[in-house]
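The values are calculated or read from the model by the stated rules, or taken from the named source; none is laboratory data. Computed from a predicted structure; not experimentally measured. Here the Cβ positions follow ideal geometry from the backbone for every residue, glycine too, while neighbour counts run over all protein chains shown.
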Amino acid sequence: MELELNVPSISCKHCAHTIKMELMELDGVREVIVDVETKDVKITYAAPADEEALRSLLAEINYPPAG
């Protein structure tokens, strides 16, 4: 599955690195692409990961997705 989220608090490559490293630790996450300019995070994942877990983790590390 694939999920694309807008994360307004992304401001630099350090933010992108933090998001990528944290999300990749979740079971089922296969790929994370962060675009600093558009503030978009594209996540490719499979079970046991799900959208709720991905959104929760982003909020937990202070990068809550918009919407």
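Identify, please: which residue in the stretch 39-67 is under 16 Å from Asp27 (Cβ atoms) and among the small types (Gly, Ala, Ser) and is, among those, surrounded by the most Cβ atoms within 10 Å (Cβ to Cβ)?
Here the answer is Ala49.
If a residue has to be closer than 12 Å to Pro64 by Cα and either at pLDDT below 95 or out of contact with any Pro (no Cβ under 9 Å at 6 or more places or on another chain) (or both) to count, how many in the stretch 1-14 make the cut?
1
Within the set of pairs 6 or more residues apart or between chains, which connect a residue that is without any contact (Cβ under 8 Å) to a residue 60 or more places away in the chain inside the stretch 22-35 to a residue that is part of a strand (DSSP E or B) and among the hydroxyl-bearing types (Ser, Thr, Tyr) with Cβ atoms less than 7 Å apart?
As it stands, the answer is Gly28/Tyr45; Val29/Tyr45; Arg30/Thr44; Arg30/Tyr45; Glu31/Thr44, since those pairs meet every condition given.
Taking the stretch 23-45 as the search range and keeping residues that are out of contact with any Lys or Arg (no Cβ under 7 Å at 6 or more places or on another chain) and assigned to a loop (DSSP other than H, G, I, E, B), which one is nearest to Gly67 (Cα to Cα)?
Lys39
Within the stretch 1-22, which residues are assigned to a loop (DSSP other than H, G, I, E, B) and farther than 16 Å from Thr44 by Cβ?
Matches in the stretch 1-22: Val7, Pro8, Ser9, Ile10, Ser11, Cys12.
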